[in-house]
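Let me begin by presenting the structure, written as structure tokens, before commenting on it.
The values are calculated or read from the model by the stated rules, or taken from the named source; none is laboratory data. In this text, all values refer to a predicted model and were calculated from it rather than measured experimentally. Virtual Cβ from ideal backbone geometry, glycine too; neighbours counted across all protein chains shown.
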Amino acid sequence: MNTINHFITITNHKLLVMKYCFKVGLYKQGILHDLSKYSWIEFSAGIKYYQGNRSPNGEQKLREGYSAAWLHHKGRNKHHFEYWVDYGIKIEDGFVGMNIPKRYVVEMFLDRMSASMNYQKENYTDRTSLEYYEFGKEYCILHNDTRELLEILLGKLADEGEEVVLKYIKDEVLNKE
């Protein structure tokens, strides 16, 4: 049963992100979003650690000490901030967040919004994504410009709703890239 439930969960998520990517004009990203979740390394972990209310990658990490599925996923999907973490120019900078192109910040936002919808189901509100982000934001290695844009989008969703934030993305964010 985990196989079917996991397939339904990741496919519902992918279709949600695709729908929203299409609404803002990111057609290629919508089609390609999260295709790696269907690869064996990610899909098999999803089956084994499926819970239905959160990503199975966290459970894999708890039980195995790391998540091979997550390492595979974040290394192939530019909408994850972890993809953009690198050493700074100076050694003492350590790891830093690179400035992510706006189209991927938008996809990151749509991914977070859609994941919240997918996992929270009837408990989802327009504030859910912002609340989840705020819970762990101090642990995210983000470039200041990337953080600012992501927080603007999450705030607009929370305060003004889905329709307003999608219009803002089309008119203001992607129109200026």
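Annotations for the structure displayed:
- Selection of helices (runs of 4 or more DSSP H) fully inside the stretch 88-177 by the criterion of at least 2 residues being farther than 30 Å from G52 by Cα returns 144-160, 162-168.
- Any pair with Cβ under 6 angstrom, 6 or more apart, that starts in the stretch 124-140 at a residue that is closer than 14 Å to D159 by Cβ and ends at one that is loosely packed, with under 14 Cβ neighbours inside 10 Å: D126/G161
- Residues that are surrounded by fewer than 19 Cβ atoms within 10 Å (Cβ to Cβ) and in a helix (DSSP H, G or I) within the stretch 52-87 comprise G58, E59, K61, L62, R63, E64, A68, L71, H72, E82, Y83, listed in sequence order.
- Hey, F22 buried (at least 17 other Cβ atoms within 10 Å of the Cβ), among the aromatic types (F, W, Y) and more than 15 Å from the chain's Cα centre (by Cα) or not: no
- Counted residues, the stretch 25-51 - those being part of a helix (DSSP H, G or I) and buried (at least 19 other Cβ atoms within 10 Å of the Cβ): 6
- Residue match in the stretch 119-128 (condition: of a type in the set (K, R), at pLDDT 95 or above, within 15 Å of F81 (Cβ to Cβ) and out of contact with any strand residue (DSSP E or B) (no Cβ under 6 Å at 6 or more places or on another chain)): no
- Residue list for the stretch 150-165, filter: within 13 Å of F81 (Cβ to Cβ) and surrounded by fewer than 21 Cβ atoms within 10 Å (Cβ to Cβ): E151
- Odd one out for I41 among (1) closer than 30 Å to D171 by Cβ; (2) free of Cβ contacts under 8 Å to residues at least 40 places away in the same chain: (1)
- For first residues located in the stretch 84-110 and of a type in the set (V, I, T), partners that are loosely packed, with under 14 Cβ neighbours inside 10 Å and lie 6+ apart or on another chain with Cβ distances below 8 Å form the pairs V85/F95; V96/D86; V96/Y87; V96/G88.
- Any hit, the stretch 2-17, residues being surrounded by 19 or more Cβ atoms within 10 Å (Cβ to Cβ), more than 29 Å from E138 (Cα to Cα) and not basic (K, R): yes
- Selection status of N53, more than 22 Å from I8 (Cβ to Cβ), of a type in the set (S, T, N, Q) and out of contact with any Lys or Arg (no Cβ under 7 Å at 6 or more places or on another chain): no
- Hey, R103 basic (K, R), surrounded by 18 or more Cβ atoms within 10 Å (Cβ to Cβ) and modelled with pLDDT of 95 or more or not: yes
- Residue list for the stretch 25-45, restricted to those being among the charged types (D, E, K, R) and either farther than 24 Å from V165 by Cβ or within 14 Å of the chain's Cα centre (by Cα) (or both): D34, K37, E42
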